[in-house]
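Each remark here refers to the structure printed beneath this line.
What follows draws every value from the coordinates through simple rules; no lab data is involved. Bear in mind that the values here come from a model prediction, so they are computed numbers and not experimental data. When we count neighbours, we look across all protein chains shown, and the Cβ atoms used for this are built from the backbone with ideal geometry, even at glycine.
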Amino acid sequence: MNILEIRNLCKVYGTGETRVDALKDVSFDIEQGEFVAIVGPSGSGKSTLLHILGGVDVPTSGSCNIAGTDIEKLDETKLAIFRRRNIGLIYQFYNLIPILNVEENMTLPILLDGKKPDRKLLNDLVDKLGLKERLSHLPNQLSGGQQQRVSIGRALMNNPALLLADEPTGNLDSENSKEIIALLRKFNKDNNQTVIIITHDDKIALSADRVITIEDGQITRDSGKMSAKKDLSQMMREDISTERSAGHSGRKG
Ligand SMILES: Nc1ncnc2c1ncn2[C@@H]1O[C@H](COP(=O)(O)OP(=O)(O)OP(=O)(O)O)[C@@H](O)[C@H]1O
Ligand SMILES: [Mg+2]
């Protein structure tokens, strides 16, 4: 089953001289349970795409069907509800609320949805995320890695079918990065949650089931499911040989 069907997505920012075509006719499908990495140069449109998939930005044209719902047809209120119930969005810079403690930050989206937080799920997440001893701490009393784990916990509190993460390890050291990726993988495996992660880290991209490359607002490569590893290592070999043939290798023999 496809959890995501994107068709002819375009996003234009600004007009006239300041016009930027951030996404140009992007189409792809993602199956439920896939773990997908999105890679590409800075400014290529990755965050723009993720924000549209997460319903926090709207496309200029094109359609975005998530779990059977065309989200561009929802009004603002319905979209907010749909987002809270189906999508978990992990931002690169955490977006935690500074005056709320760990537990309050994690449960806020559920409370906003007029529901009671699932205590069992909360305890389970807090355990897995290593935040048990930090529940009443404020964000500024936490390390960067801990804050990122709180933002992951918040994204997972509604048990979302679709988890979107914008460089979730961008500000972390390699040990913390590994842990975060292992956690995302665990949620993906245990609950069949679909994970889409933007990353600049080759190792993380290599560990995904599928790698989609975006350049200048367009998909220029899609490894497809399962063949991601082969495709990426091939890609890296190609990059190296291009560099060599362009005479950038610097050293000889
Ligand atoms: N609000 C905005 N107004 C105008 N232009 C924007 C806006 N947001 C993004 N852009 C432009 O759209 C393009 C895509 O930006 P986006 O943030 O999606 O890139 P990215 O691939 O996530 O880059 P990075 O890897 O640096 O995070 C860029 O050229 C950027 O300058
Ligand atoms: Mg970005």
**Message:** Using the basic label-point model (7 angstrom from Cα toward the beta carbon), what is the Thr60 to Gln218 distance in nanometres?
**Reply:** 1.5
**Fill in**
Residues whose modelled amide H sits under 5 Å from the amide H of Gly43, counting only those 5 or more places away in sequence or on another chain, are none
**Request:** Towards the positive end of the charge dipole of the chain, with charges on Cβ (+1 Lys, Arg; -1 Asp, Glu), say which of Val102, Ile6, Gly130 has the farthest Cα.
**Result:** Gly130
**Prompt:** Modelled label-to-label distance, Leu206 and Arg185, 7 Å Cα→beta-carbon offset: nm?
**Reply:** 1.2
**Message:** Under the rule of at least 5 residues apart or a separate chain, name every residue whose amide H is placed under 5 Å from the amide H of Leu89.
**Reply:** Leu164
**Fill in**
Karplus ³J(HN,Hα) for the range 46-52 (6.51 cos²θ - 1.76 cosθ + 1.60, θ = phi - 60°; Hz, whole; x = Gly/Pro) runs 5, 5, 4, 4, 5, 5, 5
**Fill in**
Helix 228-245 sits off the longest principal axis of the Cα atoms of the chain, rounded to the nearest 10 on a 0 to 90 degree scale, by 40
**Request:** Write down the percent of antiparallel bridges among all DSSP beta bridges whose residues are both part of the chain, to the nearest 5.
**Result:** 55
**Prompt:** Can you give the charge dipole size of the chain about its Cα centre, rounded to the nearest 20 debye, using +1 on the beta carbon of Lys and Arg and -1 on the beta carbon of Asp and Glu?
**Reply:** 540
**Asked** For the range 159-175, in order, what is each residue's ³J(HN,Hα) by Karplus, 6.51 cos²θ - 1.76 cosθ + 1.60 with θ = phi - 60°, in whole Hz (x at glycine and Pro)?
**Response** 6, x, 5, 10, 10, 10, 10, 9, 6, x, 10, x, 10, 10, 6, 5, 5
**Request:** Compute the distance in nm between two label points, each set 7 Å from the Cα along the Cα-to-Cβ direction, one at Asn123 and one at Leu138.
**Result:** 2.9
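Exposure proxy check: Ser177, Ser27 ranked by fewest other beta carbons within 10 Å? Can you show the working numbers first?
Values: Ser177 20, Ser27 12.
So the ranking, lowest neighbour count to highest, is Ser27, Ser177.
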**Calculated on alpha-carbon atoms, Rg and Dmax of the range 70-195 in Å** = 14.1, 43
